[in-house]
Amino acid sequence: MEEFDINKCWINILKTLEKDIPSSTYEPWILPLVPQSYDENGFNILSGQNLAIQILNKNYYDVIKNAISKELGKEVEFKIIYDDNIRKQLSKRKPKSQIKPITKNSSDEDKYEALKQMQSSANLNLKYNFDNFVVGDNSKLAYVASKSVAENPGKSYNPLFIYGGVGLGKTHLMQAIGHYVLHKHPKLKVKYIKTEDFINDYINSVFKDSGKNDKMNSFRQKYRSVDVLLIDDIQFIEGKERTEVEIFNTFETLYNAGKQIVLTSDRPPSAIPNLSDRLKSRFEWGLMADIQVPDLETRAAIVSKLCLSTEVKFPNNVIFLLAKTYNKNIRELEGAFIRLNAYCQINDVALTEELANKILNLKQTDKKLTVEDIIENVASYYDLKPADILSSMRSSKISLARQLVIYLCRELNGDSFSHIAKSLDKKHTTIMYSYEKIKDAIKNKPNIAIDLSNIKNNM
C-alpha cells in the first residue's frame, strides 16, 4: 500500500481551491497555508496569519472542506491552526521576483552608482514595486499586463493604458514597471513623468528658447530618446492643443522605434471629452486595463501585508475596521494604517478597535447597517417593497435589486456568504454567483455602478 503523502495531497487540493476561490483571497490567505497532519480526527492545516484563519473559517469553510474531501475520497473535517514559526517565516520571506534593491553595500561600487543615477533620472519612487502590490480581482488584468510589459518592453502590449479612480494603484504599477526594467534591462533608458510636469516642461522650453530651437530640441530629445516612457494622469492633456501635438509626435517617434509607452488615466481614452481623435485612437492601439475598487478581502490583505512588511501587529478587528471603512481609496487605507502605527509607537500603547475609532475619528461600529436596512434602502431606490426582494420573483428589476443587496451586505458589512444566504433564504452558491455578477457588472455597466453609488449615498 502506497504511503500517504500529505504534501502531494495538498498540492492537488490547492489546484481545486485556485479554481473555486477568488485570487484576492487565494494568494494572500490560501497559498501560505501548510498541511500538518491527517488522521482520524481530520485534516490539520497551519497558518501564520490569524486574519487568514478568521477569513477562511468565516467565508470559505465549506469550499475548503469540499476540496479536501474530494481529494481524499470521503467527507473530512479540517482545522486551521495558528503557528508562530510560519508567521516568522512569512515576515522574513524574500520577494518572489529576482529584483534586489539598490544598496550601497553592493560589491561593485561603479555598478551601484550607475544604477542609482539611472533610477534618479527615471524619476521613480523606491516604494513602488511589484512585490508589494496586492493583486485582487479588481487589478489582476492590469497587474499581469504590467508584468508582461516589464519583462519584454515594446513587445507585449504597446501602448499599455491603465485607467481607474484615484488612489487605486495605477501609479504603483506604472512605477513598478520602471523599477523592473531598470533592474532586468539595465541598458534601457526609462523615464517616468506626470502629465502636469510634462506640460510645464514643454511651456518652459517654448518661452525660454533662444530662437535657435536649442531648448525645444533638448526637450524633445529628453522624451524621444528613451526606451520606456511612463506618463501618469494623461487625462490632463485634454484641451491643450500645442502640448497634445508634442505628445502625439513623441508617441509616434517612440512607437515607430519599437519603444514601450505606458499611460495612466482616471478614465478610458473614449471618455476624455476634449482629447483629439488621433490621440484617442493611438492610446487604444495596445491594451487597455482598468483597476476597480478592491473588494473587502483584498483591502484586508493590503492591511495585513503592511503589517508584515513593517513587523507590526494589528488585531484582526482593527484590520477589518480599516478594510470596511476605507473602501474606495487604497491611499486613504495606507494613510490610516500609518496614522495608527505612528500613534501607538509614539505613545507606546496597544491598539484596540475603540482606540482606532478615536484616532481616526470614525463613527462607532455599533451603527453598522443590518441586512434589513440594506434591503429597505435598495427596495426604496428601485420603488419596490422589501418583500419583493425576499420573494422568489425573478423579474429583471427584482433580480438586480436582490443581487445589489447581496453585494452591499458583503462590501459594507463584511458578512459571510453563508450569513447572507441564511438572511435571504437562498443557496450559498446563489449568493456567491450574485456577488461576482455585480462585481463584473460594475466594471462593464456604468448604469449599475451609478445606481450602486446612489444607494450608498442614501444610506
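Hey, any hits in region 397-415 for a residue that's closer than 26 Å to residue 316 by Cα and among the acidic types (Asp, Glu)? Show your work before the answer.
Residues of region 397-415 closer than 26 Å to residue 316 by Cα: 405-415.
Imposing the further condition that a residue be among the acidic types (Asp, Glu) reduces the set to 411, 415.
Checking region 397-415: at least one residue is closer than 26 Å to residue 316 by Cα and among the acidic types (Asp, Glu).
Across region 149-167, a minimum of one residue is classified as over 17 Å from residue 125 (Cβ atoms), part of a helix (DSSP H, G or I) and either under 26 Å from the mean Cα position of the chain (by Cα) or not polar (S, T, N, Q) (or both).
Report, by residue number, each residue of region 286-312 that is out of contact with any strand residue (DSSP E or B) (no Cβ under 9 Å at 6 or more places or on another chain) and not in a helix (DSSP H, G or I).
Listed by number, the residues that qualify are 294, 295, 311, 312.
The residues listed here are 423, 392, 453, 434; of these, the one that is part of a helix (DSSP H, G or I) and either free of Cβ contacts under 8 Å to residues at least 12 places away in the same chain or surrounded by fewer than 19 Cβ atoms within 10 Å (Cβ to Cβ) (or both) is 453. Under the condition of being under 20 Å from the mean Cα position of the chain (by Cα) and under 21 Å from residue 297 (Cα atoms), the residues counted in region 415-451 number 10.
Among (1) of a type outside the set (S, T, N, Q); (2) within 22 Å of residue 432 (Cβ to Cβ); (3) at pLDDT 85 or above, there is one condition residue 379 misses while meeting the rest; what is its number? So residue 379 meets the others, but not (2). Just so you know, in region 27-37 the residues that are in contact with a Leu (Cβ under 8 Å, 6 or more places away or on another chain) and surrounded by fewer than 18 Cβ atoms within 10 Å (Cβ to Cβ) include one that is nearest to residue 309 (Cα to Cα), and it is 32. Look at region 68-90 and say how many of its residues are in a helix (DSSP H, G or I), in contact (Cβ under 8 Å) with a residue 12 or more places away in the chain and of a type outside the set (A, V, I, L, M). Matching residues across region 68-90 total 7. Taking the listed residues 56, 124, the one that is over 17 Å from residue 28 (Cα atoms), at pLDDT 80 or above, hydrophobic (A, V, I, L, M, F, W, C) and touching a helix residue (DSSP H, G or I) at 6+ places or on another chain (Cβ under 7 Å) is 124, with no other qualifying.
Looking at the structure I just gave you, is residue 276 over 17 Å from residue 192 (Cα atoms), in the same structural domain as residue 167 (by TED's automatic domain parsing) and surrounded by fewer than 17 Cβ atoms within 10 Å (Cβ to Cβ)?
Working: over 17 Å from residue 192 (Cα atoms): yes; in the same structural domain as residue 167 (by TED's automatic domain parsing): yes; surrounded by fewer than 17 Cβ atoms within 10 Å (Cβ to Cβ): no.
So residue 276 does not fit the description; no.
Scanning region 1-17 for residues that are in contact with a helix residue (DSSP H, G or I) (Cβ under 8 Å, 6 or more places away or on another chain) and farther than 15 Å from residue 59 by Cα gives 9, 12, 13, 14, 16.
Residues of region 48-82 that are touching a Leu at 6+ places or on another chain (Cβ under 6 Å), more than 23 Å from residue 428 (Cβ to Cβ) and crowded, with 16+ Cβ neighbours inside 10 Å: 48 alone. In region 1-20, which residues are surrounded by fewer than 21 Cβ atoms within 10 Å (Cβ to Cβ) and either closer than 14 Å to residue 301 by Cα or among the β-branched types (Val, Ile, Thr) (or both)? Scanning region 1-20 gives 6, 11, 16. Is it fair to say residue 231 is closer than 26 Å to residue 290 by Cβ and touching a helix residue (DSSP H, G or I) at 6+ places or on another chain (Cβ under 7 Å)? When the stated conditions are applied, residue 231 passes them. As for region 51-66, it holds at least one residue that is touching a residue at least 24 places away in the same chain (Cβ under 8 Å), of a type in the set (Lys, Arg) and on the phi < 0 side of the Ramachandran plot.
Listed here are the residues, each with its yes/no results for (1) buried (at least 16 other Cβ atoms within 10 Å of the Cβ); (2) of a type outside the set (S, T, N, Q); (3) assigned to a loop (DSSP other than H, G, I, E, B); (4) over 22 Å from the mean Cα position of the chain (by Cα).
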| position | (1), (2), (3), (4) |
| --- | --- |
| 340 | yes, yes, no, no |
| 351 | yes, yes, yes, yes |
| 384 | yes, yes, yes, yes |
| 397 | no, yes, no, yes |
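For beta carbons closer than 8 Å, sequence separation of 6+ or different chains, a first residue in region 244-259 that is closer than 20 Å to residue 177 by Cα and a second that is in a helix (DSSP H, G or I) and among the hydrophobic types (A, V, I, L, M, F, W, C), the qualifying pairs are 251/279.
Taking the criterion of being over 13 Å from residue 262 (Cβ atoms), modelled with pLDDT under 85, surrounded by fewer than 20 Cβ atoms within 10 Å (Cβ to Cβ) and not basic (Lys, Arg), the residues of region 127-162 that qualify are 131, 132, 137.
Cβ-Cβ distances below 6 Å connect the following pairs, each with a first residue in region 338-359 that is at pLDDT 85 or above, a second residue that is among the small types (Gly, Ala, Ser) and part of a helix (DSSP H, G or I), and a separation of six or more residues or different chains: 340/356. Among residues of region 224-237 being assigned to a helix (DSSP H, G or I) and surrounded by 22 or more Cβ atoms within 10 Å (Cβ to Cβ), the one that is nearest to the chain's Cα centre (by Cα) is 234. Within region 238-252, the set of residues being modelled with pLDDT of 90 or more and within 30 Å of the chain's Cα centre (by Cα) comprises 247, 251.
The values are calculated or read from the model by the stated rules, or taken from the named source; none is laboratory data. Values in this document were obtained by computation on a predicted structure and should not be read as measured data. Ideal geometry is used to build each Cβ from the backbone, glycine not excepted, and the neighbour counts take in all protein chains shown.
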